[in-house]
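We did not get these values from a lab; they are worked out from the coordinates using the rules stated. None of the values given here were measured: they were computed from a predicted structure. Positions of Cβ are backbone-derived with ideal geometry, glycine not excepted, and every protein chain shown enters the neighbour counts.
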Amino acid sequence: MTTQPTTFNTDLPKRRPMPDLLSGQKALVTGANSGIGRAVAIGLARAGAEVAVNYVVGEEAAQKVVAEIEAEGGRAHAVYADVSSEDDVKTMMASAIETMGTIDILVPNAGLQRDAAAVDMTLEQWNKVISVNLTGQFLCIREAVKEFNRRGVRTDVSVAAGKVICMSSVHEVIAWAGHINYAASKGGVHMMMQSLAQELAPQRIRVNAIGPGAIRTPINTQAWNTEAAYADLMRLVPYKRIGEPEDIANAAVFLASDMADYINGITLFVDGGMTCYPGFATGG
Ligand code: NAP
């Protein structure tokens, strides 16, 4: 087996696969100062979108993402909000719309874990995860949909009035002992996403999700930062490599684009086959 890097992939390849795909569109990505959100913000910008980069505590990291996008000729702005605060989300959305003119693409991505065995889990741990991972997505989507509905289809940039790409997880379908708050939040995201897709389709708003498998970010460092941990992780990944944040960014660009115009209400798993029950590869 080739040795895999066990450091963060902070230097994303300067690939511009389809620069015109999102040209003229405006996007907001939450939790975009780190990991998957950062890569999605950069990916959307490389495809031509202007991007609002949300952060909660890491303003410096958010400004760095903005600078990286601008250095490549893109346009980006850092916007503060704790996504679990209704007031913060309303203020963030108003500010992003004022700065960019409107919003066409929302990627509610901010998320966290507070792990504990069920019997030891505090109400604070439960509430924190649900309020950021699930309620936070609801609040951002609600405010974005108001803008999509106010404005309708911008025929010069897209055939849809708006695109929402929820960041879910393989744990919307794979049970996860010791992480019941996280698994419940992602299961909730799944049914929220599908119900929204059904509700909003007549307004030409598409709502989908991405279900990442194991992606190399700070949220799961202990799962990949030693050779032993990496080898253990590979038991769960048929494709035998960890995912990189850019793998998720590529999926987000596709789902946000008109190439995906007939895709509504799905979770696109980007997981190297993790949802294919790898334990059964040798007969179960
Ligand atoms: P990460 O690097 O830890 O990023 C999480 C982001 O969420 C950070 O930018 C964080 O900001 C932000 N955030 C946390 N609480 C927030 C709040 N209240 N308001 C606004 N932003 C907040 O982890 P990641 O792996 O990129 O995770 C991104 C998303 O992907 C999450 O929804 C996660 O569940 C999902 N996911 C990740 C994996 C994986 O293997 N990495 C797999 C499946 C799903 P601060 O850093 O400032 O706190």
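Under a 5 Å amide H to amide H cut-off, with H placed in plane at 1.01 Å, what residues pair with ARG216 once short-range neighbours are removed?
GLY243, GLU244
Arrange LEU22, LEU200 by Cβ neighbour counts within 10 Å, fewest through most, would you?
Sorted ascending by nearby Cβ count, the order is LEU200, LEU22.
Return the sequence-ordered ³J(HN,Hα) values of the range 261-272 in whole Hz as given by the Karplus equation 6.51 cos²θ - 1.76 cosθ + 1.60 applied to θ = phi - 60°, using x for Gly and Pro.
4, 9, 9, 8, x, 10, 9, 8, 6, 10, 9, x
Using 7 Å Cα-to-Cβ label points, what is the THR226/THR155 separation (nm, one decimal)?
Here the answer is 6.2 nm between the modelled labels.
Working from Cα positions, state the angle (0 to 90°, nearest 10) between the long axis of helix 136-151 and the longest principal axis of the chain.
Rounded to the nearest ten degrees, it is 30.
What is the packing order of peptides 182-195, 150-163, taking the mean over residues of other C-beta atoms within 10 Å and listing the highest first?
182-195, 150-163
Measure out, as a whole number of angstrom, how far apart the alpha-carbon centroids of the range 32-58 and the range 119-170 sit.
15 Å
Long-range amide H contacts for VAL207: which residues qualify at under 5 Å (H placed 1.01 Å from N, peptide plane, sequence gap of 5 or more or a different chain)?
For VAL207, whose amide H was placed from the backbone, the distant partners under 5 Å are VAL164, GLY265.
Lys pairs in the chain, Cα-Cα under 22 Å, at least 8 apart or on separate chains: how many?
Close lysine pairs under the 22 Å cut-off: 12.
What list do you get for ILE248, ILE130, ILE205 if you sort them by fewest beta carbons within 10 Å? All intermediate terms of the calculation are to be shown ahead of the outcome.
Numbers: ILE248 28, ILE130 17, ILE205 23.
With the sparsest Cβ surroundings first, the list reads ILE130, ILE205, ILE248.
If one takes the longest principal axis of the Cα atoms in the chain, at what angle in degrees, from 0 to 90 and to the nearest 10, does the Cα axis of helix 59-71 lie?
Tilt of helix 59-71: around 70 degrees.
Helix 180-200 sits at what angle to the longest principal axis of the chain, using alpha carbons and giving 0 to 90 degrees rounded to 10?
Around 30 degrees separate the two axes.
Would you please state which residues of the range 212-242 a label at CYS276 would reach in this model, taking the label point 7 Å out along Cα→Cβ and a backbone N cut-off of under 13 Å?
236-241
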